[in-house]
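*Asks:* Would you mind keeping the following structure in view while I ask a few things?
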Amino acid sequence: MLAKHVLLKIAYVLIGDLDMHRRDLLKALTGLALCPLCARAASSSEGPHWSYEGAHGPDHWGDLDPADRVCSVGSQQSPIAIDASIEARLPPLEIAWAERPDTIVNNGHTIQLNFGDGGALNVGSQTYKLAQFHFHHPSEHLIDDKHSAMEAHFVHRNATGSLGVIGVLMTAGKTNPAFAKIAATMPQTAGEPVKADPGIDPKGLLPAKLGYYAYSGSLTTPPCSETVEWMLLAEPIEVAAADIAAFAKLYPMNARPAQKLDRRFVLHSV
Ligand SMILES: [Zn+2]
């Protein structure tokens with residue numbers, strides 16, 4: 001996506017007036033250093049150029065960088081509030097994840113666990129690989145107008161680069177051993193990824209039933225790309241209130257507000 005963005009800018013320069021577009025090109029190149037994906041890949045200690053409030057908050061994400069425009073003009077944005085859905089014979093989620101993530105990082109926007117080879121998610125004819133999972137407080141998706149305390153996002157990629165994200169709602173209750181381990185070992189300040197505790201089994205963050213809501217949407221952070229098939233599990237998991245509080249101490253609010261449904265329908269597995 002970045003390459004495409006830069007190529008487009010270079011194309012502008014080649015076909016257009018150099019002076020007029022030189023600033024755009026410089027901006028695009030500067031954007032390479034500042035964009036969240038690169039920042040995450042290169043150095044997460046540079047600090048975010050987008051945030052969840054103020055002048056760089058969600059209402060302004062689309063204006064921060066030309067590459068993030070779809071954040072404000074998109075028509076398939078996420079998250080959404082789910083109050084009506086259509087029962088459908090959705091394919092079951094066949095999850096064969098790796099038993100442990102490689103690294104854990106506080107990237108300045110959330111706590112994230114990364115995989116080299118995260119194992120597979122098969123849904124119907126689609127095969128995805130788990131790349132990472134991370135957390136939001138409070139939940140980003142609403143069901144019947146209600147937020148949950150937190151939401152985990154398991155981000156998968158298929159061979160063509162499309163994303164499939166499984167969302168898991170989290171409520172206060174019994175201790176969840178996997179989340180307790182994450183809360184106990186998460187880096188307290190933003191910085192580089194460090195080795196993850198081997199006891200963090202991502203499957204420990206799944207509820208017993210894998211019934212889900214499905215809709216087409218986007219990343220919920222810039223660049224808000226509309227390349228995500230969302231699978232939000234209907235059954236929440238319970239985690240200890242103290243572990244939610246520990247996360248909330250680092251990230252009191254890292255949830256994008258619900259976006260317009262526009263011309264979409266939400267399906268829900270029978
Ligand atoms: Zn997320």
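*Asks:* Could you please tell me which pairs satisfy a Cβ distance under 6 Å, a separation of 6+ or placement on different chains, a first residue in the stretch 255-270 that is closer than 21 Å to G211 by Cβ, and a second residue that is surrounded by fewer than 15 Cβ atoms within 10 Å (Cβ to Cβ) and of a type in the set (V, I, T)?
*Replies:* Cβ pairs passing all conditions: F265/I86; L267/I86.
*Asks:* Related question: Mind checking whether some residue in the stretch 123-143 is of a type in the set (D, E) and away from the ligand (no atom under 16 Å from the Cβ)? Before you say what the answer is, go through the steps one by one.
*Replies:* Residues of the stretch 123-143 of a type in the set (D, E): 140.
In the following step, the residues that additionally are away from the ligand (no atom under 16 Å from the Cβ) were identified as none.
No, the conditions are met nowhere in the stretch 123-143.
*Asks:* What strands (runs of 3 or more DSSP E), lying completely within the stretch 223-270, carry at least 1 residues that are crowded, with 17+ Cβ neighbours inside 10 Å and of a type in the set (F, W, Y)?
*Replies:* Answer list for the stretch 223-270: 228-233.
*Asks:* Within the stretch 112-122, is even one residue of a type in the set (D, E), within 16 Å of the ligand (Cβ to nearest atom) and in contact with a strand residue (DSSP E or B) (Cβ under 9 Å, 6 or more places away or on another chain)?
*Replies:* Looking through the stretch 112-122, none of the residues is of a type in the set (D, E), within 16 Å of the ligand (Cβ to nearest atom) and in contact with a strand residue (DSSP E or B) (Cβ under 9 Å, 6 or more places away or on another chain).
*Asks:* Still on this structure, please answer the following. Report whether or not P202 is within 16 Å of the ligand (Cβ to nearest atom) and either at pLDDT below 95 or within 16 Å of E140 (Cβ to Cβ) (or both). Step through it out loud before you land on a result.
*Replies:* Working: within 16 Å of the ligand (Cβ to nearest atom): yes; either at pLDDT below 95 or within 16 Å of E140 (Cβ to Cβ) (or both): no.
Judged against the criteria, P202 is not a match.
*Asks:* For T220, which of the numbered conditions (1) out of contact with any Lys or Arg (no Cβ under 9 Å at 6 or more places or on another chain); (2) in a loop (DSSP other than H, G, I, E, B); (3) not aromatic (F, W, Y) fails to hold?
*Replies:* Exception for T220: condition (1).
*Asks:* Condition first: more than 10 Å from the ligand (Cβ to nearest atom) and under 16 Å from the mean Cα position of the chain (by Cα). Now tell me which residues in the stretch 144-176 satisfy that.
*Replies:* Matches in the stretch 144-176: M150, H156, R157, N158, G161, S162, L163, G164, I166, V168, L169, M170.
*Asks:* When you scan the stretch 65-152 for strands (runs of 3 or more DSSP E) that lie fully inside it, which ones turn up with 2 or more residues that are touching a helix residue (DSSP H, G or I) at 6+ places or on another chain (Cβ under 9 Å) and under 26 Å from V239 (Cβ atoms)?
*Replies:* 93-97, 103-106, 111-114, 126-136
*Asks:* Which ones in the stretch 185-216 are in contact (Cβ under 8 Å) with a residue 40 or more places away in the chain and assigned to a helix (DSSP H, G or I)?
*Replies:* Residues satisfying the conditions are T185, P202, K203, L205.
*Asks:* Then there's this: So is L163 in contact (Cβ under 8 Å) with a residue 60 or more places away in the chain, over 19 Å from N107 (Cβ atoms) and surrounded by 17 or more Cβ atoms within 10 Å (Cβ to Cβ) or not?
*Replies:* On the way: in contact (Cβ under 8 Å) with a residue 60 or more places away in the chain: yes; over 19 Å from N107 (Cβ atoms): no; surrounded by 17 or more Cβ atoms within 10 Å (Cβ to Cβ): yes.
No.
The values are calculated or read from the model by the stated rules, or taken from the named source; none is laboratory data. Since we're looking at a predicted model, the values are computed, not measured. No Cβ is skipped: glycine too gets one built from the backbone with ideal geometry, and neighbour counts run over all protein chains shown.
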